[in-house]
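Notes to accompany the following structure.
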Amino acid sequence: MFRRGMTSLAVAGSLLLGVAAPAVLADTFPAGNADLYAASSSWDSGESNIGIGATVGTQDGVAVHSLSVSSFLVQDITCKGKDKTGISLVYTLGESLDATIKIDAKLGSASASGTLSGTEEVFNSCTGADTFRDISFQASFALTASGAISTSKTRSVTNNPDGSKSTSTDKFDSRDATGSFSISGVSYTPTFSNISHDVSTFTTVPPRH
């Protein structure tokens with residue numbers, strides 16, 4: 001069954017970083033952090049929607065570098081041999097881990113381009129056929145900030161049952177943006193675009209004996 005209710009990419013600009021759970025073993029005390037720049041852009045016609053996003057930085061000491069696309073397109077079609085029309089539902093997911101990505105440290109601009117690999121699902125209402133195929137396609141975007149930086153900060157402290165104390169912090173800076181993006185040679189004027197920088201930390205202090 002076609003995933004009709006699914007919407008476009010979780011845009012990198014609203015990326016929420018998960019925080020590791022407190023260690024089960026009393027002698028294991030994790031520490032983690034993330035420093036991620038992201039940019040995202042989306043287009044929505046009311047029925048069809050497309051999202052493109054890029055993320056670069058580090059998470060728990062591991063480099064992050066990704067350009068991804070998610071699209072859901074509704075197209076009118078003529079049913080073969082029948083005097084009626086139908087719809088074609090096309091759901092596409094793709095990602096590149098070696099795309100060219102540039103995001104300004106002050107969130108003033110962002111751009112990305114690359115060849116993405118992924119899958120495409122097509123549902124034909126005339127025939128009832130639901131088909132899948134592997135695909136490769138080009139995608140790119142170019143954004144310029146259009147507003148001031150908005151900042152949110154959070155900090156939480158948890159006293160764990162074993163006596164240790166975990167502290168997590170997050171600082172999220174974001175700016176609205178304007179620009180354009182292209183998928184497989186087709187250009188779109190975004191409904192919404194955003195450039196962001198997210199810095200989070202997680203540390204656990206062992207119990208005092």
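Every read-out reported here was derived from the displayed coordinates using simple, explicitly stated rules and does not represent laboratory data. Predicted model only: the values in this text are computed from it and were never measured. All Cβ positions, glycine included, derive from the backbone under ideal geometry; neighbour counts span all protein chains shown.
What distance in nm lies between label points placed 7 Å from Cα along the C-beta direction at Ser136 and Thr85?
3.6 nm
Short version: ³J(HN,Hα) in whole Hz for each residue of the range 91-104, in order, from phi by Karplus 6.51 cos²θ - 1.76 cosθ + 1.60 (θ = phi - 60°), x for Gly and Pro, what are they?
Once rounded to whole Hz, the list reads 10, 10, 10, x, 8, 10, 9, 10, 5, 7, 10, 10, 10, 4.
Could you put Tyr37, Tyr91 in order, starting from the residue whose Cβ has the fewest other Cβ atoms within 10 Å?
Numbers: Tyr37 25, Tyr91 18.
Final ranking by Cβ density, sparse to dense: Tyr91, Tyr37.
Apply the Karplus curve 6.51 cos²θ - 1.76 cosθ + 1.60, θ = phi - 60°, to the phi angles in the range 190-206 and return the couplings in whole Hz, x for Gly and Pro.
Result, ordered by residue: x, 7, 8, 9, 7, 10, 8, 9, 10, 10, 10, 9, 8, 9, 10, 9, x Hz.
Please list, in chain and number order, the residues 5+ apart from Ile135 or on another chain whose amide H is under 5 Å from its amide H, with Hs placed from the backbone.
Gly118, Thr119, Glu120
Please go through the range 96-197 and write out the chymotrypsin sites (Phe, Trp or Tyr not before Pro) that DSSP classes as loop and that have at most 10 other C-beta atoms within 10 Å.
Details: sites: Phe123, Phe132, Phe137, Phe141, Phe172, Phe181, Tyr188, Phe192; in loops: none.
Sparse-neighbourhood loop chymotrypsin sites (Phe, Trp or Tyr not before Pro): none present.
If you take the C-alpha gyration tensor of the chain, multiply each eigenvalue by 5 and take the square root, what semi-axes do you get, largest first, in whole Å?
Sorted largest first and rounded, they come to 40, 22, 14 Å.
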